[in-house]
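Right, one structure below, let's go through it.
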RNA sequence: CGGGAUGUGGCUCAGUCUGGUAGAGCACAGCGUUCGGGACGCUGGGGCCGGAGGUUCGAAUCCUCUCAUCCCGACCA
């Protein structure tokens, strides 16, 4: 492609609306333009990157035996009522009525539609296993879209759905997708990690998220330095070290603690460490207040709490809600004599003679002991893991890192097939629900994640496989016949060899061309200018390493061809 | 939905406190000089200052309401 013939509107300055690097660079490099919050137009250069990712995804899905189809974006509400999600999904599901007053919605995901296909078309064990996928624009009316393509309301997603006769078959389908995902992210040239993910109500260890490692990631993941264990922090299991201390139980005592509400100020006042205090946090679990007990220096992992309580939604209660539920101002809450349900982090049960709030303003209790002074209705792992905790698998050392979720594989079981009656007849003549799995990749997010992970102060540094152009040829003397002829020759030669190339033939000064080439992140740059006139050589610049080398005109194309081949797998 | 911020030409912003009829740089068009790290000079086009109401002789500026965008939180691929 000639730069003069395409449309890549680059910006010199950072747009005020973009804070994160991928968003900023996508705007500056002419990838996208915003139409409204969370909704973007993909301009030619950005679309090319997206298409490259799509192509890799498509090839690997096909290789894994999945079948591509395309489902409608507009879906009837009735279907969603059948699965029960019309009520449960919340305002993220954009609903509307058509001219006939039929309730409809925009598909944020397609379990309902595919299950409808399955129940109409899959009747026998002979019809499965089968796995359908599509690459399509999804719409989710996010509460707060942000970070450009990273969390848009409209985004491109590959979603796949597998159908099997039993759990063993579903596990096989799951593993196939897991393997395909590894190939996909490897082929994209990304540093990523597959981590165990929370699987919510369905349970089991059959949910993995694929995380691109980048500091700006919204998720925290836990990785063991000593074994293969890796998990989303939401899921990472805290293993208790040591049992209950064998200390003598002292008599409980009430202490006046005027104005001391925060863990730190209570500890300072009472001359204890936060590990000797148990804090009482009130959460609303689907609206019901629950007190959560936790060592003073720990943090609640809300996902674990929600799972324990079987709640769809848990949120920390506001001060007023706490007072309404317990009659106690926040800061002085404790489990002794409290009126609401109490659950405890497992660690609390190993503590003795600790400090809690007295359920009375300006008082705390010391030498409190569970069992003797209060009871709890459930004990579980409820806190966030830390790097001080051992690996739950091997006991080794953990590290925390940030990741961007780009893929998710999930065993669904029979949740949808049962609700929507997608049944088949097994070899034994019995009617059974199909066993399902679902598998998503955020295609547009992959591009954003790739930029988050691969950039420098000058712009994007595309991994070769997803770069819209692998090479850019800079004509640094558009008024010079010799230079222009050489640049044109290189351009033709690269095109002949089917290498995607951008020829910068614009009437711009060299500096502007260098800057744009770096901003766009094209992996290899060929400078055709003074050094060609003077020494007959073409400069090859590697965008990532900055390394510069010189080759005669008739050799440089072969060098590039080899370089690209070494970084591409198919 | 709570907290914070911002809306002035295509972009980045000044002007708002202290009201007097709209500016700079970049971008764009023309001409000339330039041409290996986002050139320079001259000329030119482009803005009912987010919107509505109000105060005032007079509002980008003050007041009220509203809309939009961004950030933090909640929430969420």
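Every number in this text was worked out from the coordinates using simple rules, so none of it is lab data. What you see is a predicted model, and the numbers here were worked out from it, not measured in a lab. Note that each Cβ is placed from the backbone with ideal geometry, even for glycine, and that neighbours are counted across all protein chains shown.
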Over chain A, what lengths in whole Å, largest first, do the semi-axes of the equivalent ellipsoid take, defined as the square roots of 5 times the eigenvalues of the alpha-carbon gyration tensor? 52, 32, 22
From the Cα trace of segment A:424-479, what convex hull volume per residue do you get, rounded to a whole Å³? 159 Å³
Gyration tensor verdict on segment A:469-566 (Cα atoms; rounded if a/c is under 1.5, prolate if a/b is larger than b/c, oblate otherwise): rounded
Among A:458, A:389, A:516, which comes first, second and so on when ranked by fewest other beta-carbon atoms within 10 Å? A:458, A:389, A:516
Just from its helices, what would the mean residue ellipticity at 222 nm be for chain A, if runs of 4 or more DSSP H residues each count -39500 (n - 2.57) and the sum is divided by every residue, rounded to the nearest 500 deg cm²/dmol? -8500 deg cm²/dmol
Using only alpha carbon pairs under 8 Å that are at least six residues apart, calculate the relative contact order of segment A:265-352 and give it in whole percent. 32 percent
Using alpha-carbon positions, the gyration tensor of segment A:133-250 gives root eigenvalues a ≥ b ≥ c; with a/c under 1.5 called rounded, otherwise prolate if a/b exceeds b/c, else oblate, the class is prolate
Mind checking the angle between helix A:510-520 and chain A's longest principal axis? C-alpha axes, 0 to 90 degrees, to the nearest 10. 40 degrees
Rg and Dmax of segment A:73-114, Cα atoms only, in Å: 9.4, 26
Segment A:253-380 shape via C-alpha gyration tensor axes, a/c threshold 1.5: prolate
Order these by the 10 Å Cβ neighbour count, fewest first: A:22, A:558, A:104. A:558, A:104, A:22
Normalised by the residues of segment A:161-271, what does the relative contact order come to in percent, with Cα pairs under 8 Å and at least six apart? 16 percent
For chain A, find the longest principal axis of its Cα atoms and tell me its angle to the long axis of helix A:44-63, 0 to 90°, nearest 10. 70 degrees
Could you state the angle between the C-alpha long axis of helix A:167-187 and the longest principal axis of the C-alpha atoms of chain A, as a value from 0 to 90 degrees rounded to the nearest 10? 50 degrees
What is the pair-distance distribution P(r) of segment A:488-539, computed from all Cα-Cα distances in 10 Å bins starting at 0, with each bin given as a whole percent? 21, 54, 25
Using alpha carbon centers only, segment A:300-329 is separated from segment A:405-431 by a whole-angstrom value of 34 Å
Given Cα pairs under 8 Å that are at least 6 residues apart, what percent is the relative contact order of chain A? 17 percent
Using alpha carbons only: equivalent-ellipsoid semi-axes of segment A:347-491, gyration tensor based, whole Å: 57, 35, 14
Going from the fewest other Cβ atoms within 10 Å to the most, one would list A:59, A:234 as A:59, A:234
